Each structure stands twice: as structure tokens, then as C-alpha cells.
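To start, the structure itself, in C-alpha cells.
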């Protein structure tokens, strides 16, 4: 621990991160810090279970009609897969109810949507609804990818290798560089990762990246970690090189 | 309007073992035990019962389609966090609020191996939260259920940002101590 006021401020931010109330840009800063600061990681590990528990107080009574409708929808959605184990009568009831509901909706639509303007409005609403659903799905996918990465970085079973300026972190098939205080490079230069496959004699080029203003970067290497013998980092011309052109910043075997 | 009483929560971790084996009856019991919790998180965060209903459905379908996302620990705490993260996604994607007000959360761990987690229940948490001074409890609850950032909490309460951050940290540390005490009694 360095005891500096800046570090106390970072511990406060770690607490807010544990609560899940940091904006994305500050969360990235905390994430980079957590990847290399054992004290802050311990603080996060202490507080996160307490914040996860808070959700337990949210249980709400639901009116019975809504509750029945919700359950019907959910069970109908899983019915094809669950039917064999649930027993045909229960699943059949759910499907029958759904079919009746669906038929009612179709009948209502056909009988009431009679003029072209209404049809056009309906089509527009459906398009808008579809666009919104697509946006929700895209946002969820992006966030899930980011959460997967963060889960790997903080997993207790991740392998951590100390390297100059940070760590190489491997978990399952994923491998990351979590680096801090990297020197600022001259214009036209970037950092480039390299991978050495098991049994290979030469390294293969991987991603290039530029750290943020404080010299930090968390980068996932697009390679299957289980097939790698080592990873390395070097400084290369912008756009990257096919083979290293400078002395590596580090070479890290993956055990 | 008739309302369902609060339910008794069955052991979600045990039911999930059967859900992984595609046991629809176990899934139904899981749903019966935890849908009020998921709905409650969604309703607090989205403020709209219809959206909360949709979110509840999507969370349980996710549980059914990806049962390995949860492996062990306190299922209620886990699914509440999943619901919170989905609600944040909805707030963000539907532009229901200014993007800068909406926080981003870290990972939903698949294994919650902390001993506090496996034995804690809602009454423990309510008592632990009520033991905190209001100046600490309030920003914590606003942060968790309000779906807003610490900066937005500071703005809405008129309290300096640094003070809010410190109160959150102090409050969470006390909450942790209270929860540790509750489960060891």
C-alpha cells in the first residue's frame, strides 16, 4: 500500500465500483487499477458480496393477475424444451392457453385494423419495436462481452503472470495484458503483442494498441490461451509488424 | 387488486442443479420462488410495471437457456444482480435517461463462494441496512436501485461528490461487518 491521498481516493472509487455505480469511463480506470493493486482488489472482494446482498431486499408482492400472466409467458417460452420433463398435461395447458391468446390477438387485429392508415401505423410501430429490440439485444451483447472480460480479469482461478508494468492474465481460453504506466511512445509507434504457439519456432503478430493518457491498457489477445507457450510485447511502427523489429518489452511463458 | 404474499424462497442453488438437467418442474419452482425478487428489482429501477414484467421474463429465459451462468452460492443475490444489470441495459438502450447518468457494472460472478453469501437472506440484509446511518444508507440504496452514478447521486442530493464516495465506502464496510455478524450469530 502506498498510503497516498490519491490511493485513498482510489479506494473510495473501488467501493463505488463494488456498488455498481460508476460511469463506464471511471470503471475502466478502476478496472486497470484493480488488475495490478492487491490492496484495492482485496477491498473490492470485501465489499462486492455486501453489495450483491442488497438486491435481496427488493422482493415485491405482485397482483395475482399479472403474476399468472407472467408465469404463463415464461413457461410457454420454455415449453418445447422442458415439455419432456414437465409432463405433457402441464405443458399442454400452457401451449393451449398461448394458442388461444394468440388466436384472440389475430382475430382482434383482423377485425379492428380496417383502414390503411391504421395498418400503416401498426407497421410503423412494429418496425420501431423491432428496431428497439435490436438495440436492446446489441447493447446487451456488448455489455455481456465486457462483463465476460471483467469476470476473467477478476476471477480467483485466473493465472496471473507479473511482467514489467503490469500482468499477463490467462483464464480458460482467454489471455489478456493488464498494463499500467507504460511509457508514452513517439508519434508513429504503437505497442504490439506477440504470441508463440506451443511447438512453434517463431512468434506470430497479434494486436497493436496505444495506452490511455495515464499509460494504462487492458487488451485481450485474439488467441486461444491453451494453445500458447508464451506471449510478448514490443514497440512497433504504426499498423504493426509481421515480425518484431525492436527488443521485446517482455516475453512471458504461459505455464 | 389482489396481491400475492411474499413467497418463501426455495434453495435456488439446488433447484439450478435440476434446471441444468432441463427439469421444467424445477424451473417452475425456481420461478415461483424468485420472480417477485426479479420483478421488484426491475420495478424499482425502471419504474414501469410492464417493462419490469418484460425484464422478469427475459431474466428467467436467460436462466433457462444459460443455466451454467450460475454455478454456486446465493442464487437470490445472483439473480437480483443479473436483473439489475439487465435493467441498466434497458435504461441505456432505450435512452430513458441521459447516458452519463447510467452506471456500468462489473461482472456477474458465476461462483459466489463467500460464506456470507450462501447463508444470507433478505431479513439479514434489511436489518443490516437499517443499522446504517441514513447518510450512508441513502446513497447506497440510490446507487443500487436508482440505476444512477455516484455523480448523479451527488447532484440530486446536493452533497459534494467526495463526501458521497466516502459515505458509500464507509457504509459498505459497515454493511459487510453487519452481514458477517448476522450470519455468525
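Take each residue in A:148-157, count the other chain C-beta atoms within 10 Å of its C-beta, and the mean is 3.
Mean per-residue shielding of peptide A:38-50 is 5, counting Cβ atoms of other chains within 10 Å of each Cβ.
Label-to-label distance for residue B:100 and residue A:38 is 3.9 nm, based on points extended 7 Å past Cα in the beta-carbon direction. Between residue A:185 and residue A:69, the simple label model (points 7 Å from Cα in the Cβ direction) yields a spacing of 5.7 nm. When every Cα-Cα distance of chain B is counted in 10 angstrom steps from zero, the calculated P(r) takes the values 9, 32, 37, 19, 3, 0 percent. Shown here: the range A:15-59, whose C-alpha atoms stretch 37, 22, 10 Å along the first, second and third principal axes, sorted largest to smallest.
The radius of gyration of the Cα set in the range B:120-185, together with its Dmax, comes out at 12.4, 39 angstrom. The mean number of partner chain beta-carbon atoms within 10 angstrom of a residue's beta-carbon across peptide A:65-74 is 6.
Computed over chain B, the per-residue total of -39500 (n - 2.57) for DSSP H runs of n ≥ 4 gives a 222 nm mean residue ellipticity of -22000 deg cm²/dmol, rounded to 500. Each peptide in A:187-194, A:243-250 gets a packing score, the mean of other Cβ atoms within 10 Å over its residues, and the list from highest to lowest is A:187-194, A:243-250.
With 10 Å bins beginning at zero, the pair-distance distribution over Cα atoms of the range A:189-231 amounts to 27, 47, 22, 4 %. Rounded, prolate or oblate for the range A:32-82? Axes are the square roots of the Cα gyration tensor eigenvalues, ordered a ≥ b ≥ c, and the cut-off for rounded is a/c under 1.5. Oblate shape, in that a/c is at least 1.5 and b/c is the bigger or equal ratio. In summary, the range B:36-96 shows an alpha-carbon radius of gyration equal to 1.07 times the 2.2 N^0.38 Å reference for compact globular proteins.
When you count the other C-beta atoms within 10 angstrom of each residue and take the mean per peptide, A:42-51, A:64-73, B:33-42 line up highest first as B:33-42, A:42-51, A:64-73. A Förster radius of 35 Å, combined with the Cβ-Cβ distance separating residue B:11 from residue A:45, puts the computed FRET efficiency at roughly 0.90.
Readers should treat all values here as calculations from the given coordinates under stated rules, not as data from a laboratory. Please read these numbers as outputs of a predicted model, since none were measured by experiment. With ideal geometry, Cβ positions are generated from the backbone for all residues, glycine too; neighbour counts draw on all protein chains shown.
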